[in-house]
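Enquirer: Below are the structure tokens for one structure; questions will follow.
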Amino acid sequence: MPQIDFNIKITAKELEKYYAGTAKIISVVANNGQRLQFPANLVLPYVTHSGISGHFVLDYSSNGKAKRLSKIDETPKTSQFSQQV
């Protein structure tokens, strides 16, 4: 299964948009420079009181569909985030 890694930092305030249902997709720039999008519900297991932060790996199918998100580090090197409604 193909994988791609990225760093992310989203504050608790920003995550409110996902809980409210106004944003359903997370868009990040992967460490290789590629932009990727995936369903916001994949980050829910990693949400803390302060939001979500860390180094993650996204497993996806050969047709590009997100399958699984795994956290691999506690400290993000960069954070690039944008929301899509």
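Enquirer: Between L44 and K71, how many nm apart are label points set 7 Å from Cα along the C-beta direction?
Expert: The answer from the label model is 1.6 nm.
Enquirer: Which of the lysines could a cross-linker bridge to K9, judged by Cα under 16 Å and excluding same-chain residues fewer than eight apart?
Expert: Counting by Cα, and skipping residues close in sequence, K9 has these lysines nearby: K17, K71, K77.
Rule-based calculations on the coordinates, nothing more; no lab input. Only a predicted model underlies this, so the values are computations on that prediction, with no experimental measurement involved. Heads up, the Cβs are rebuilt from the backbone with ideal geometry, glycines too, and the neighbour counts pull from every protein chain shown.
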